[in-house]
Each structure stands twice: as C-alpha cells, then as structure tokens.
Amino acid sequence: MTTSAERPSDFIRDIVAEDVRTGKYKQIRTRFPPEPNGYLHIGHAKSICLNFGIAREFAGICNIRMDDTNPAKEEAEYVRSIMTDVHWLIDGWADNHLGGAPFFASDYFPKFYEYAVDLVRAGKAYVCDMTPEETDAYRRLGKASGFRDRSIEENLDLFAQMKSGEFPDGARTLRAKIDVNAANVWLRDPVLYRIRHASHHRTGDKWCIYPMYDWAHTLSDYIEGITHSICTLEFEVHRPLYNWILDALELPEPRPHQYEFARLNLTYAVVSKRKLVQLVNEKLVNDWDDPRMLTITGLRRRGVTASALRTFAYNIGITKYPSLTDMALLEHTLRDEFNRIATRRLVVLRPIKVVLTNYPEGKIEELDAINNPEDPNAGTRKIPFGRKLYIDSDDFMETPPPKYFRLRPGGEVRLKYGYIIKCDEVLKDAAGNVIELRCTVDLESKSGGPTAGRKIKGTIHWVSAAHAIDAEGRLYDRLFTVPEPDAAGDFKSFINPNSLEVVNAKCEPALGDANPEKRYQFERLGYFALDPDSTPERQIWNRTVTLREPGQK
RNA sequence: UACCCCGUGGUGUAACGGUAACACAGCGCCCUUUGGAGGCGUUAUUCUUGGUUCGAAUCCAAGCGGGGUAGCCA
C-alpha cells in the first residue's frame, strides 16, 4: 500500500541523519527559496515536501525565503500566491516547523553589500568595466579582465560609486577574483553585482546595484543559519562557488552545505516555470489555476488534496538521477486516497432518458444507498426512484462489442441499488440519435426482493429524472498527447485538444448540499470536486481523476 | 568542446561488501449490485569490459549512454 511513511530514506536524509548523530549542528535548518516570478508547480511541491519533511523528521525548521534579487522579474502578487500554496501544502503536517514569516533576500541587501566591501578589502573582488559581451568572450577564453588588478582603494571607490548610482545599467560589475582559467566556468571570476536602475517590489528605488544569485543565495543561507541547502541538479556546478564565498569571507562555523537532487519530470506534462508561463500567456489554458495545469493552484482547483500531493512526493523519492515519472503514478496516488475518503454519489454525465413502461405513473420509492463502502461510518442515504430516469449514454449500445456488459436492445442490466430492467424499445430523433429507451422493470428484483439474486452481468448508475439536479461537469484529461512533449520540437504542438470536455450532468438530490472541501466519487465515473466558480444555483464539478479503467473501454 | 553529475525490470525507487526487493504499469485468475476497490498469481532488472576481494549493484579504472553548466537569470 502506498501511504505516507513517517521517515522516508534517501541520500540527503542519510546525510542529515549523520549530521544529527555527530552533533554537527544545534538544530537542522532547511529552506525553500523560490524566486517570486511565477506560480509554484508540482516540482516545487517535491522540494517543499523534501525541505519541510526533513525539518519535521529531525525536529528542525524550514524557512521560506523569497529569492528576490532581480527587480525586473519579481512581483508582490507572486509572493502572495507562493505563500498561499506553501501554507496549503504543509498545513497540519509541517506548519509547526515553518520558520516564521517569509524571509526575503532583499532584506539582506545591506548585509550583502557589507560582505562585498569586505571581499574587496581582502583583495578578492574587483570592479570590472567590461561589457557583458566582453566578459563572456574573456571567460570563454580563460583570459583575465584588464581591470582585474585595480587597487583595493580604487575598487572600493568604484564599488561605492556603483552603489550611489554614478553609472548606467551594465556599465560595471563587481566580480570575484578567483581563477580566470578554472575548469569550472563558475569560478572564472563570476559577477557578484550588476547595475540595474529598476524599482524593486520591496526596496523600491533604494538600490541600483543588485546581487547575483550565487552571492545572495549563499549569504542568505549563512545569515539564516541554514544547515542543509538543498537545490536541484543544475546548481551542482555552482557548489564550488558557494563554498568559495564562505571561505573567502572566512565566515565562522557552523556553515551551510549545499546538496543537489533531481527535479521532477512527468509524462504527458511540462513541469517548468518557463513553459507554464507560455501556456498562460498564449491562452492555451485559462490561467495559472486552470485545473489542467500542474501548478499547485491548478492541482488544488482540480481537487487534488495536499495530503495526496505529499504522498506522491514520498512515492517518487529523492535521487540524483534525472528520471521521468509516469503520470500514472500520480493518478494512482490520487485514486488510492480518494477511494478511502470519497463520498459516493450517482451522477449521469451524458444523459439518455429511460422510461420504465410497467412502473406506475407518479410512484416514487426511496432506495437505500451506501455512502462509502470503504468506510462503514459514512452511513447510508436515500435515493429517489421513479418511472423516468436518466442513464449514461455510454451505458447503452445498439450493437455492442463482445464483452459489453451494459444495456443493449433486448438486454438486461441492473440499476445500482434498484431494479433489473430490460430494454424493449429504442427511440431516435430524425438524425438517428438515441433519445429515449423504453424499458420494463423486473418488479421483484429490487435489492432484497425475490429475484434480486439473479445473476446480471452489468450494473449501471442512474438518476431519477424528476429529482435530478442539473450541474456542469468539467472532464479533464492530460494536457498533452505524447509522453514527452518537450523532447523534440515545440511542446505546444502536442496539446491535447480534448483535455477539457464540458457536459451537462444530472446529479442525485443528495448532492444538493455538497461541500467544497469534500471529495466525491461519482460511481463508475471518477473522483470529483466542486469548482470554486460554483454558485448555489449551479454547481460546477471538476473531475480530478477517472476511476481506473480496464485496458479497453 | 571543456568541466561536473548520473546509469538497478517498461516506469519510479530500495538494497550502505554477503548473493537483488517494494510500488506503479502490464498480463491472468478469483470476488464484486461500482468493468471501482479487494484477493491470488505472473512477466521482467544491476550499461559494457577489466581490476580489487573468499564474495561486487555497491569499491577502482576505462569505455559507452544520459543529464547539467558555459546570463550582468535564478
């Protein structure tokens, strides 16, 4: 069974456990450091579960830190959405390990600047006047900048002028003086500060020099007392620079250490902020919270629960191998949880009318139905039954294939919790579409009745026409038609044209007081959740995931 | 091209020098008033070649394959 174990095992947790054992740190402290330039997605969820998971397993703390060092890209709106999503995901699980209010790298700008001055004083950084193109070219050639050997006094003076706004954007940078010939290009005198006369979402126009990722991130970790700085694989080559910064500043122990793991890839999906932005901007989906998006907000709207997402994160594990996880594993995780908790209801998605010709006009019966066969405490409810019903058009075929167990002309089927019916007549419109089935009921076959035990292969769901509640059903499918949409060519050309189907559903009356927090199984169809756009007059149901379907349908 | 990292069934992971396991997916059977769930069974794995060792998925080397980096983005 796939349930969330208390202590997952992976190479990072092994390291943390060892550090705890040796008493290397007083307390374990991790961090989740998003840049507020977009919405969080399922890959971030993996990282959040890792960092907060470690905090809760080792009695530690996890900080949320906005890595807001690039004023051109970042917005307060993203800060808000990030906090909403993280809180939702860790609520009741690791929220008591959260390091207080969100931290902001921008709050450390003054400290970053002081450290930079220290670095210059130590002769380990210099102001460089080369253009970005020249810098690139020199770096590629392993050639030293002509400004590399400026005096400390001149560097100090120039850096102060950079800060006070004496120079235009891009005119100068502060660079670390490391090794222009290093095999690792990130050690070839990396840029630490650049000039950007731009308004920052928090510091406004106070600064016109902004720290680069490596400088800001390393020092933020140090300032916050982070012990284990966990990031994705693309930062692996930055680790020597991370350590160089700590060494160059001669920062006292305890110091943070960086570890890297593989980001999440999923079949039939894209999981990268850049691509998700495109889907939104090019209107290929409705918005960031479109239920087809693997953003946390989209998943939430679709009906995915935080606990299921956490279980999924546990199931996929943590390694350094850049794997591709089967979307079926996510779907399995969802079904596994929902099967246990979902309230069962009868809903017809694509109705056909059925008239029971031998059932008395005006007669209504109340049938007993089980709310959740997996949970006896969920109890039962009554479902009204009458002469006119709706069944799903999928459950009737005029000329069915061999293994079709449902209704056919002259055939019998059992109505869940009700009677066995037989199809006598098929009525069609001028276009030849089936519009009504006229059936007869075996009046003794009701649950508990004399012929209730008759062996009938198929059981289908139904709704009383007189009592049905009309509702909108939004049936989602995977957003892409191929397992690896970004493997070759333009991923947007593989968008599934049928990723959303809207239907007018007929729901049993018990759904009238449906709870948006609850999960429902529409029997034989799938798991559904109420969309926030629902109104008291009209419900909108999002299909989170279908029931598992056998090979062919 | 250079540097770094990673290679365990179809997929995701475990095994921490002692003879490969769990989950997903697939297939078959049983059960079923959800073609769901559940039960039982089953297919299938250590990239290659050397080396170290009594013993290697595990340690070493080379090769092959995959990924990452080479922004004044993060």
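The values are calculated or read from the model by the stated rules, or taken from the named source; none is laboratory data. This is a predicted model, so every value here is computed, not measured. Here Cβ is always computed from backbone atoms with ideal geometry, including for glycine, and neighbour counts include all displayed protein chains. For the accessible areas, the whole protein counts, side chains as well, though only heavy atoms, and no ligand, DNA or RNA atoms are used. Shrake-Rupley method; radii C 1.70, N 1.55, O 1.52, S 1.80 Å.
Per-structure values
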item	result
Residue count, segment A:161-186 (criterion: assigned to a helix (DSSP H, G or I) and either closer than 25 Å to A:N243 by Cα or open to solvent by 40 Å² or more (accessible area, probe 1.4 Å) (or both))	4
Single residue of A:I316, A:I296 found to be open to solvent by 20 Å² or more (accessible area, probe 1.4 Å) and among the hydrophobic types (A, V, I, L, M, F, W, C)	A:I316
Which listed residue, of A:H201, A:H197, is more than 10 Å from RNA strand B (Cβ to nearest atom) and touching a Cys at 6+ places or on another chain (Cβ under 8 Å)	A:H197
Neighbours by Cβ (under 6 Å, 6+ apart or cross-chain): first from segment A:531-553, near RNA strand B (Cβ under 8 Å from one of its atoms); second modelled with pLDDT of 95 or more	A:L547/A:G526
Residue satisfying all of: in segment A:217-234; under 25 Å from A:Y321 (Cβ atoms) and surrounded by fewer than 19 Cβ atoms within 10 Å (Cβ to Cβ); nearest to RNA strand B (Cβ to nearest atom) among these	A:E234
Selection status of A:E398, part of a loop (DSSP other than H, G, I, E, B), within 11 Å of RNA strand B (Cβ to nearest atom) and acidic (D, E)	no
Residue, farthest from A:D392 (Cα to Cα), within segment A:445-472, restricted to residues that are among the polar types (S, T, N, Q) and open to solvent by 30 Å² or more (accessible area, probe 1.4 Å)	A:T451
Residue in segment A:348-364 that is within 11 Å of RNA strand B (Cβ to nearest atom) and either farther than 23 Å from A:F522 by Cβ or at pLDDT 95 or above (or both) present	no
In segment A:81-133, the residues that are of a type in the set (S, T, Y) and within 30 Å of A:I61 (Cα to Cα)	A:S81, A:T84, A:S106, A:Y108, A:Y113, A:Y115
Among the candidates A:L192, A:L187, residue that is of a type in the set (A, V, I, L, M), within 30 Å of A:E77 (Cα to Cα) and touching a residue at least 12 places away in the same chain (Cβ under 8 Å)	A:L192
Looking only at segment A:381-392, and only at residues there that are farther than 30 Å from A:E337 by Cβ and of a type outside the set (A, V, I, L, M), the one that is surrounded by the most Cβ atoms within 10 Å (Cβ to Cβ)	A:F385
The listed residue being open to solvent by less than 70 Å² (accessible area, probe 1.4 Å), within 16 Å of RNA strand B (Cβ to nearest atom) and free of Cβ contacts under 8 Å to residues at least 40 places away in the same chain, out of A:A378, A:A369	A:A378
Matching option when the condition is more than 29 Å from A:S81 (Cα to Cα) and of a type in the set (G, A, S), among A:G60, A:G53, A:G23, A:G38	A:G23
Selected residue (only one of A:P409, A:P401 is modelled with pLDDT under 95 and more than 14 Å from A:W462 (Cβ to Cβ))	A:P401
Residue satisfying all of: in segment A:497-532; part of a loop (DSSP other than H, G, I, E, B) and open to solvent by 90 Å² or more (accessible area, probe 1.4 Å); nearest to A:F385 (Cα to Cα) among these	A:R524
Residues being part of a helix (DSSP H, G or I), within 10 Å of RNA strand B (Cβ to nearest atom) and under 25 Å from A:D205 (Cα atoms) - total across segment A:101-151	2
Strands (runs of 3 or more DSSP E) (entirely within segment A:404-478) containing at least 1 residues that are within 30 Å of A:I495 (Cα to Cα) and more than 10 Å from RNA strand B (Cβ to nearest atom)	A:469-476
Candidate set from segment A:348-366 (those that are assigned to a strand (DSSP E or B) and out of contact with any helix residue (DSSP H, G or I) (no Cβ under 6 Å at 6 or more places or on another chain)); member that is most open to solvent (accessible area, probe 1.4 Å)	A:E366
Residue identified as more than 23 Å from A:T295 (Cα to Cα) and open to solvent by 20 Å² or more (accessible area, probe 1.4 Å) among A:E75, A:E153	A:E153
Residues satisfying the stated conditions in segment A:78-100, i.e. within 16 Å of RNA strand B (Cβ to nearest atom) and open to solvent by 30 Å² or more (accessible area, probe 1.4 Å)	A:Y78
Tally, over segment A:134-162, of residues that are without any contact (Cβ under 8 Å) to a residue 12 or more places away in the chain and closer than 16 Å to A:Y193 by Cα	4
Flag for A:I245 being assigned to a helix (DSSP H, G or I), closer than 25 Å to A:A76 by Cβ and over 29 Å from the mean Cα position of the chain (by Cα)	no
Condition check for A:R310: open to solvent by less than 40 Å² (accessible area, probe 1.4 Å), within 28 Å of A:R56 (Cα to Cα) and either basic (K, R) or within 12 Å of RNA strand B (Cβ to nearest atom) (or both)	yes
Hey, A:A72 within 14 Å of RNA strand B (Cβ to nearest atom), more than 19 Å from the chain's Cα centre (by Cα) and farther than 19 Å from A:S272 by Cα or not	yes
